[in-house]
1. Between Arg247 and Arg65, what length in nm is gained on full extension when 0.36 nm per residue of separation is reduced by their alpha carbon distance?
2. Run the dipole for the range 36-140 about the Cα centre, Lys and Arg Cβ at +1, Asp and Glu Cβ at -1, nothing else charged, and hand back the magnitude in debye, nearest 20.
3. Going by alpha carbons, how many degrees (0 to 90, nearest 10) lie between the helix axis of 127-141 and the longest principal axis of the chain?
4. Return the whole-Å distance between the Cα centroid of the range 178-249 and the Cα centroid of the range 250-275.
5. I want the antiparallel fraction of DSSP beta bridges within the chain, as a percent rounded to 5.
6. Enter the accessible area of Lys64 (Å², nearest 10), with the probe set to 1.4 Å and all protein chains included.
7. Where Rh denotes the Kirkwood radius from the mean inverse Cα pair distance, what is Rg over Rh for the range 61-316?
8. Could you sort Ser179, Ser43 by their accessible area in this structure, using a 1.4 Å probe and putting the largest first?
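The values are calculated or read from the model by the stated rules, or taken from the named source; none is laboratory data. Please read these numbers as outputs of a predicted model, since none were measured by experiment. Glycine also receives a Cβ, built like all others from the backbone with ideal geometry; neighbour counts cover every protein chain displayed. Heads up: the accessible areas ignore ligands, DNA and RNA and are worked out on the full protein's heavy atoms, side chains in. Shrake-Rupley method; radii C 1.70, N 1.55, O 1.52, S 1.80 Å.
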Amino acid sequence: MHWTEMYPEELKECMAEAGEKPFRGVQLFEGHHGKRKALEEMSNIPDRLAKKLGDAPYAVRIVKRLASKLDETKKYLYRLHDGEIVEGVLMRYHHGYSLCVSSQVGCKMGCRFCVSTRGGLIRNLRPYEMLDQVYAVEAREGISISNVILMGSGEPLDNYDHVLRFLRLLHDPKGKNMSYRNMTISTSGVVEGIDRLAEEDIPVNLAVSLHETDQSARKKIMPIAARYPLEELMRALRRYADRTGQRITFEYTLIRGKNDGERNIREMQSLLRGLPAHINLIPLNPTDHYDESRPAREEILRFQRELSQKGLSCTIRRELGSDIQASCGQLKAGCEAEETR
Ligand code: SAH
């Protein structure tokens, strides 16, 4: 593991083993994650030690930046050390800046409507590659990001250890010092991951991509449902809510004539009964390879109203950056990355 991915305690140990003073480990952590300095700019680190450590790993580089003309949303393509490209979206809300972070190059979940999964899983991102997405955007925009949501490409719970290390590094008071409550993991429903997360004792938000209320229909749009059936998923979510006392967010992409009927409202009500939950409706975003469309605006509003009338907390996701294809499911690594300075 590279030193930029170690916790302060690990760095201290690593220093001691290298015959250095353990407190150098803390100085390195603060210099890199807190002050964002390159090794040679850390005046408290002796040259001798800097040489021993060598360069930081190749950082992710923003190779393309698209700015929305409709709102303040920005979309980025980042290049990784091996030439792979992942994407991110920066959104501005009243409470601050939120960055949508990618956790994998590609994805193996196979959701029919999602572009990121088209070419399957290429590889997991390292913790530093997720951290660097945050650091690169902060440096580029001269801002501080207050929230991260793991809703870029990839299934975060399929890269569990790296994702957890990323979040812990982001949380460390000597680094970015971000509250766990400002972090969201979004999953297509990886049950083992949900069970593990429940035991971590960190109050991150959990969002689940539900998209269907019936197992056999869900399997057709989300192949992962064959491995983790809805019933099993809901049991895991109940355990999670009991264990953590947290409310769970359900993402529900509305597909016209498929999952937007009375049946879905009834089934949703029974699925979520007694569970502290919030439903976030996402009108389907059109993509090239999926031949369905979103319901009309009135239909979306009606769906929301009916769920609310049943006592379910439910909102429609605001669409940001729609002119730069920044919306859910549209992030596409296929675009040719141009160098921008
Ligand atoms: N793998 C994780 C996180 C990435 S996807 C997950 O499945 O939750 C982030 C969200 O965007 C998910 O809810 C996903 O289902 C949704 N999404 C993907 N493609 C979409 C599309 N074309 N239209 C609307 N939402 C989409």
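1. 62.1 nm
2. Magnitude of the dipole: close to 260 debye.
3. Once rounded, one gets 90 degrees.
4. 16
5. That works out to approximately 45 percent antiparallel.
6. 40
7. The Rg/Rh ratio comes out at 0.95.
8. Ser43, Ser179
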